1. Just one of the numbered conditions (1) at pLDDT 95 or above; (2) surrounded by 17 or more Cβ atoms within 10 Å (Cβ to Cβ) is not true of Gly89; which one?
2. When the residues of region 56-72 are filtered to those that are touching a Phe, Trp or Tyr at 6+ places or on another chain (Cβ under 6 Å) and of a type in the set (A, V, I, L, M, F, W, C), which remaining residue is surrounded by the most Cβ atoms within 10 Å (Cβ to Cβ)?
3. Residue by residue through region 106-131, note down the ones that are of a type in the set (A, V, I, L, M), assigned to a loop (DSSP other than H, G, I, E, B) and closer than 16 Å to Ala17 by Cβ.
4. Restricted to region 1-30, and to residues that are among the hydroxyl-bearing types (Ser, Thr, Tyr) and over 15 Å from Gly81 (Cα atoms), which residue is surrounded by the most Cβ atoms within 10 Å (Cβ to Cβ)?
5. Filtering region 98-125 down to residues that are among the charged types (D, E, K, R) and under 18 Å from the mean Cα position of the chain (by Cα), which residue is modelled with the lowest pLDDT?
6. Check Lys53, Lys75, Lys33, Lys80 and return the single one that is of a type in the set (D, E, K, R), surrounded by 15 or more Cβ atoms within 10 Å (Cβ to Cβ) and closer than 13 Å to Asn116 by Cα.
7. Given the conditions (1) in contact (Cβ under 8 Å) with a residue 60 or more places away in the chain; (2) in contact with a helix residue (DSSP H, G or I) (Cβ under 6 Å, 6 or more places away or on another chain), report the number of the one that Ser43 does not fulfil.
8. Could you tell me which of the residues Thr21, Thr35 is modelled with pLDDT of 95 or more and among the β-branched types (Val, Ile, Thr)?
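The values are calculated or read from the model by the stated rules, or taken from the named source; none is laboratory data. No experiment lies behind these values; they were computed from the predicted model shown. So basically every Cβ, Gly included, is an ideal-geometry build from the backbone, and we count neighbours across all protein chains shown.
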Amino acid sequence: MAIISKEIKDFLPGKMAWVGTADKSGVPNLAPKGTMTVIDDQSLAFADLFSLKTRSALESNPNIAVGVIDPSGPKGYQFKGKAELLTAGPIYDEIAANVKKALPNLGPPKYVVKINVTEIFSLSPGPDAGKNIA
């Protein structure tokens, strides 16, 4: 498991994340996620608000990649790991409460995806671009 540093934790809030998945046949899918949250030093999570293809892919293949950049920086990170689909529990409840606060008319998420991060790569320009940093 990779360790999500304080620098990365401080970077993520307010950024759009792009989540990449592939179904059991290898067909890729890419979807924006505005609810990406750091859960702890080794995991991220996001709410399923409109994620039919993402959910379908993760049900058959839990491998996931997440890219987050700040184009004004420019700075960014890519996370790779395994996803778990949650429909209840403390992580689900926390993400659902945050969604309700931000989007009160939307209703609860269908599920929350918890990502157990195994690798972190730099997406920032410079000598570490593309390198595994955690």
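1. (2)
2. Taking region 56-72 first, the residues touching a Phe, Trp or Tyr at 6+ places or on another chain (Cβ under 6 Å) are 66-68.
Pick out the ones that are also of a type in the set (A, V, I, L, M, F, W, C) and you get 66, 68.
Numbers: Val66: 24, Val68: 21.
So, considering only residues that are touching a Phe, Trp or Tyr at 6+ places or on another chain (Cβ under 6 Å) and of a type in the set (A, V, I, L, M, F, W, C), the one surrounded by the most Cβ atoms within 10 Å (Cβ to Cβ) is Val66.
3. Pass one, region 106-131, residues of a type in the set (A, V, I, L, M): 106, 112-113, 115, 117, 120, 123, 129.
From what is left, the residues that are assigned to a loop (DSSP other than H, G, I, E, B) are 106, 123, 129.
The answer is Leu123, and nothing else.
4. If we filter region 1-30 for residues that are among the hydroxyl-bearing types (Ser, Thr, Tyr), which is where we start, we get 5, 21, 25.
Now drop any that are not over 15 Å from Gly81 (Cα atoms), which leaves 5, 25.
Numbers: Ser5: 14, Ser25: 8.
Applying the filter and picking the extreme gives Ser5.
5. As a first pass, look at region 98-125 and keep what is among the charged types (D, E, K, R): 100-101, 110, 114, 119.
The next check asks that each one be under 18 Å from the mean Cα position of the chain (by Cα); those that pass are 110, 114, 119.
Values: Lys110: 90, Lys114: 98, Glu119: 98.
Here the answer is Lys110.
6. Details: Lys53 fails: closer than 13 Å to Asn116 by Cα; Lys75 fails: closer than 13 Å to Asn116 by Cα; Lys33 fails: closer than 13 Å to Asn116 by Cα.
Step by step, each of Lys53, Lys75, Lys33, Lys80 is checked, and only Lys80 is of a type in the set (D, E, K, R), surrounded by 15 or more Cβ atoms within 10 Å (Cβ to Cβ) and closer than 13 Å to Asn116 by Cα.
7. For Ser43, the exception is condition (2).
8. On the way: Thr35 fails: modelled with pLDDT of 95 or more.
Sole residue among the options that is modelled with pLDDT of 95 or more and among the β-branched types (Val, Ile, Thr): Thr21.
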